[in-house]
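One structure is given below, encoded as C-alpha cells.
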C-alpha cells in the first residue's frame, strides 16, 4: 500500500490495526477514533489529506510519521507519495479552480467545456469541497438564489467524480441511516407515481385522471410525508453544520425543500380539480426535484457531514429526532450505547439555567416570559402562588403580595367552589385542563388552566393562561407575507 493524500483512513486501519493507537496519541482531535462508530462512518470516507487537516498536521509530516510507525511495528518499508492519478494542488488552489469553473458555468460557458476543464485540472472531488466552494462563492457576493438556480448543474459538472465514491456507510440508528432508509421509501413512491403517470399517457384526459385520481391522490399524500424528512434535516442536521460554518449550502437546500413542499401541495390540488395539463407538468418537475435531492443528499450532504461532524455532533442530531417525527417508520436500532455513554450533556454556561432544550440566564428567562402575548400564573402542588408574568398590560391585575398566598384566597367566594374542583381533579389525575371565556370591557378573554406534572406524572401545580383573543377571532383567510407598510 502506498501512503498518499487519497489513502482512506478505513483502508489504512484495516491493513495496520496498530495505527489506531498511533492516531489517538498523535493528536487530541483523533480521540474520536476510539469510537467504533466513528471509525465505521468518518473512517470510510476520510482520506489522509483530510485527516491531516483535522489534526492540524502537515500532510507530508503525517505520511512520513505513519510510514515510520509501520516500519517500527512490522519492519516493512512503505512508499510515501501522492495519488498518481490526481493533479497536484493544495486545498486553496483547488478551491480557486472549482470556483472558476462554477463562475464560468453561471456566465454561460458550455457544460462540455467545463467538464473537460474539471477532468484535466481537478479530476476528483470530495463532497465537503463542493460545500466549501459554494460557501465561498456566497461569501464573495454570489446570491444564494443564483446558487439555487443552477445547483443541479453544479452537480452535473462533478457527477462523474461523485459517482466513483462509495455511498455513506453508517450503522442502523445513526441519523444518516434513517434518512437514507427514508430515501429508499421515497424512491419507491416516486417510481409508483411515475408509472401511473406513464399509464395515463402523454395527454391524459379528465376521465382518465378521474379514474386514477384516488390512487394518485393516495400516493401523493404518502409522498407528502417526506416533509418530516426535510424538517429533521432543517432542524437537527443543519444547525449542527452551521456550528462548523457551513451555512450557504444548507440554506440553498432548504429553499429547494420549500419548492418541493409547494409542488406537492399544488399537485394534490390539481388532482382534486382534474387540472390535467398542469398536473402532468407539476408531476414531472416534482418527481425530478425529489430524485435530485436524494442524489445531492447521498453524494454531497451526507458524506460532507460525516467528514465534518464529530461523535458529539451526531448525538445532538439524534437527540431531537423523535420530537419532529419520521416520514416512514423510525430508526431500525437504538443509537449505540457507547455513543450515549461517551457524550456528556453540555455544561451550563456560567450563571445559566439548564432547561430541557436549551440554556438561558435567569434574566433572559424572565424577559421571555414577560414578552409572551399571554398572562401566566403558576400555583405549586401546595396551592401556593409562586409566579406570575409581569407583562406590560396584564388582563387581571397582580402584585408581589400574591406570591406565597394560597390560591383559594385569590378568588372571590362565589367562584371558590370552581377553583377547588379544578385543583382536586388535577391533583387526582382525572383532568388535565379547564377553560373559560368571558367578555370584559369590549374584549374577548380566553382563560385556560393546565395541570403541571413531572416526568413521573406526579402533580406539581397548576398553570393559568389568560389571553385577549379579540383580534384573533376576527382573522380570516391567510396572511403569508409581511405587512408592515
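The values are calculated or read from the model by the stated rules, or taken from the named source; none is laboratory data. This structure is a prediction, so every number in the text was calculated from the model and none was measured. Cβ sites come from the backbone with ideal geometry, for glycine too, and all protein chains shown count toward neighbours.
Quick look at the values:
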{"read-out": "Odd one out for residue 91 among (1) touching a helix residue (DSSP H, G or I) at 6+ places or on another chain (Cβ under 7 Å); (2) modelled with pLDDT under 70", "value": "(1)"}
{"read-out": "So residue 240, is it touching a residue at least 40 places away in the same chain (Cβ under 8 Å), within 20 Å of the chain's Cα centre (by Cα) and either surrounded by 18 or more Cβ atoms within 10 Å (Cβ to Cβ) or farther than 17 Å from residue 283 by Cβ (or both)", "value": "yes"}
{"read-out": "Counted residues, region 217-236 - those being within 16 Å of residue 322 (Cβ to Cβ) and not in a helix (DSSP H, G or I)", "value": "1"}
{"read-out": "Filter result for residue 370 (over 21 Å from the mean Cα position of the chain (by Cα) and modelled with pLDDT under 90)", "value": "no"}
{"read-out": "Qualifying residue in region 21-43 (condition: under 25 Å from residue 169 (Cα atoms), over 33 Å from the mean Cα position of the chain (by Cα) and at pLDDT 80 or above)", "value": "yes"}
{"read-out": "Check on residue 423, surrounded by 11 or more Cβ atoms within 10 Å (Cβ to Cβ), at pLDDT below 95 and either in a helix (DSSP H, G or I) or touching a strand residue (DSSP E or B) at 6+ places or on another chain (Cβ under 6 Å) (or both)", "value": "no"}
{"read-out": "Lone unmet requirement of (1) within 22 Å of residue 174 (Cβ to Cβ); (2) surrounded by 15 or more Cβ atoms within 10 Å (Cβ to Cβ) for residue 235", "value": "(2)"}
{"read-out": "Lone qualifier among 278, 267 - being without any contact (Cβ under 8 Å) to a residue 24 or more places away in the chain and either part of a helix (DSSP H, G or I) or more than 16 Å from residue 148 (Cα to Cα) (or both)", "value": "278"}
{"read-out": "Answer from 398, 408 - the residue that is without any contact (Cβ under 8 Å) to a residue 24 or more places away in the chain, in the same structural domain as residue 465 (by TED's automatic domain parsing) and closer than 23 Å to residue 445 by Cβ", "value": "398"}
{"read-out": "Some residue of region 196-212 being modelled with pLDDT of 90 or more, touching a helix residue (DSSP H, G or I) at 6+ places or on another chain (Cβ under 6 Å) and closer than 30 Å to residue 480 by Cβ", "value": "no"}
{"read-out": "Matching residues in region 115-145 - criterion: being at pLDDT below 70, surrounded by 14 or more Cβ atoms within 10 Å (Cβ to Cβ) and more than 26 Å from residue 306 (Cβ to Cβ)", "value": "115, 117, 121"}
{"read-out": "Tally, over region 271-293, of residues that are surrounded by 19 or more Cβ atoms within 10 Å (Cβ to Cβ) and at pLDDT 90 or above", "value": "6"}
{"read-out": "Subset of region 429-453 (residues that are farther than 19 Å from residue 375 by Cβ and either loosely packed, with under 10 Cβ neighbours inside 10 Å or in contact with a helix residue (DSSP H, G or I) (Cβ under 7 Å, 6 or more places away or on another chain) (or both))", "value": "430, 431"}
{"read-out": "Residue tally, condition modelled with pLDDT of 85 or more and part of a loop (DSSP other than H, G, I, E, B), over region 295-348", "value": "10"}
